[in-house]
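Notes follow once the structure below has been shown.
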Amino acid sequence: MKRFHRSERVSEELLREISNIIHTEMKDPRISGMISLTRVETSKDLRHATVFVSVYGDDKSKPGTMEALRHGAGFIRSLVGKRMRIRMSPEIDFRLDDSIERGSRISSILREVLPENDGAEKEETEKD
């Protein structure tokens, strides 16, 4: 049976709440494109939370989006504290995570390469 630590449970709840706040409460025009929170890592004492954000869009919008999130971290922290009713609301640090975009790029490369191999395999099986 897997044991869950409190910091893991709080990280999962922070992920849900911060995502909800960003998508429904924040009105900053610098936040553009599709934003996805990939994970949240909290310290053992729950005083610090690192939020990994994937911004899908052009490279020009990423710095502005990250700046807007960092600027709104205090606002997000106060709402998280009210909604989660925890004693100490963690300091929030946003970090850019490009794993979703990198995965999408790898998938498109594989789609380009695999049909070529697929056709070659079909020709070899037809010869046999």
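The values are calculated or read from the model by the stated rules, or taken from the named source; none is laboratory data. These numbers come from a predicted model, not from an experiment. All Cβ positions, glycine included, derive from the backbone under ideal geometry; neighbour counts span all protein chains shown.
Within the stretch 66-93, the residues that satisfy the criterion of being touching a residue at least 60 places away in the same chain (Cβ under 8 Å) and over 16 Å from N20 (Cα atoms) are I86, P90. For the stretch 1-9, the condition holds for no residue, the condition being that it is surrounded by 12 or more Cβ atoms within 10 Å (Cβ to Cβ) and hydrophobic (A, V, I, L, M, F, W, C). Among the numbered criteria (1) of a type in the set (D, E, K, R); (2) farther than 16 Å from S89 by Cβ; (3) not in a helix (DSSP H, G or I), which one does E8 miss? Going through the list (1) of a type in the set (D, E, K, R); (2) farther than 16 Å from S89 by Cβ; (3) not in a helix (DSSP H, G or I), E8 breaks only (3). Count of the stretch 20-51 residues, restricted to those that are in a loop (DSSP other than H, G, I, E, B), free of Cβ contacts under 8 Å to residues at least 24 places away in the same chain and under 16 Å from V10 (Cβ atoms), is 1. Would you please name the residue that is surrounded by the fewest Cβ atoms within 10 Å (Cβ to Cβ), looking only at residues in the stretch 85-123 that are of a type in the set (A, V, I, L, M) and modelled with pLDDT of 90 or more? Out of the qualifying residues, it is L96. Does S54 meet the test of being in contact with a helix residue (DSSP H, G or I) (Cβ under 6 Å, 6 or more places away or on another chain), in contact (Cβ under 8 Å) with a residue 40 or more places away in the chain, within 21 Å of S104 (Cβ to Cβ) and crowded, with 16+ Cβ neighbours inside 10 Å? Here the answer is yes, as S54 does meet what is asked. Here is the figure for the stretch 55-92: residues that are of a type outside the set (V, I, T) and part of a helix (DSSP H, G or I) total 20.
Those residues that are within 17 Å of S104 (Cα to Cα) and surrounded by 15 or more Cβ atoms within 10 Å (Cβ to Cβ), I need them from the stretch 37-51; list them, please. Within the stretch 37-51, just L37 meets the criteria.
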